[in-house]
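Let me begin by presenting the structure, written as structure tokens, before commenting on it.
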Amino acid sequence: MTTEKKKKNIVVPIILGVLLVIGIIFGIVEWNYYSKHVDTDDAQIDGDISPVVARVGGYVKDINFEENTHVTEGQVLVKLDDNDYKVKLEQAQSGQKGASAGVGVAQSQIVATQANTSTAKANVAAARVKLNLANKDYARYANLIKDGSITQQAFDQAKASKESAEAAFQAAQDQYNAAVKQVGTTQSQLAVSSNVINQRQSDIDFAKLQLSYTDIKAPATGIVSKKNVQKGQLVQAGQSLFSIVNDGSIYVTANFKETQLEKIKSGSKVEIEVDAYPDEKIQGEVYNFSPITGAKGSLLPPDNATGNFVKVVQRIPVKIKIHPSKEMLAKLRPGMSVKASVSTK
């Protein structure tokens, strides 16, 4: 056997041995890693997205932002034409003034009816005095007529005076009772007028509220996206205009297989690798678990009662809080794909 053939026979076993050692080392490293970690690449960046809708209808007068720019909570982003709502507010204020005038009239009527009541009460007292006098005269004339001391004409006149005094007294009492009832009626009218004022104040408050809705403000601090409004456009109440991705609301939703959940606990440490920035590692922790699988929460969930059922491993969405740097946080966007590795040590 030549020397060259001997060298070839030695090289092949050496190469195979090196490959075997590398394979064993790789296997040990992988086994050691996966025995302490649970991974998934079925994960993405999520965040709180606040939709902004018009609460009243109107023409768009001003737009004070540009898409994909940062805005602060309470900032007026869209201004609607508010002339119609100002007119409605003026109408409500005029209605309240009319109701206030009605209260003034009712109060004046109460004063007048109370004065009438006092007059009617005095008339009752005067009629009672006259009635008492007429009764005494009638009694005296009744005794005198028996012994013929007076004429029949005088007696009849006394009797007529008595009956007239009784009628006048009854009429005075009726007038007094009517005056008292009139006071109650005017007081009821005053209460109604006061309720009308309260109602008109409610109309004013509602008109002011509707007017305030013409200033469409940012509900949260964040970045504007999905702009769907233009100047001069007629928007309707409830129409979606744009959305705001809230600052500080970024997190990761990782869909782990149901067979992986046994080793995952709340608070477990997680390392996040963003596909767009593979060299940047983000630390996080498991926050909570979805109460249903992703398939069960879909628009058309699978029906396992059918005859052609095939068992498929389901995935459970897991919410992961992340702690990126400010520079990295500014780069992250909801929807970005990531890889999540949960430490199970």
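From ASN255, ASN246, ASN288, which residue is within 30 Å of GLN75 (Cα to Cα) and at pLDDT 90 or above?
Of the residues listed, the single one that is within 30 Å of GLN75 (Cα to Cα) and at pLDDT 90 or above is ASN246.
For the stretch 205-264, give me each residue that is in a loop (DSSP other than H, G, I, E, B), crowded, with 18+ Cβ neighbours inside 10 Å and among the polar types (S, T, N, Q).
Result: THR214, single match.
Scan (1) over 21 Å from VAL52 (Cα atoms); (2) at pLDDT 70 or above for the single condition GLY184 breaks and write down its number.
In the conditions (1) over 21 Å from VAL52 (Cα atoms); (2) at pLDDT 70 or above, GLY184 misses (2) alone.
The values are calculated or read from the model by the stated rules, or taken from the named source; none is laboratory data. Note that the coordinates shown come from a computational prediction; the quantities given were computed from them, not determined experimentally. Every residue, glycine as well, gets a Cβ built from its backbone with ideal geometry; the counts of neighbours run over all protein chains shown.
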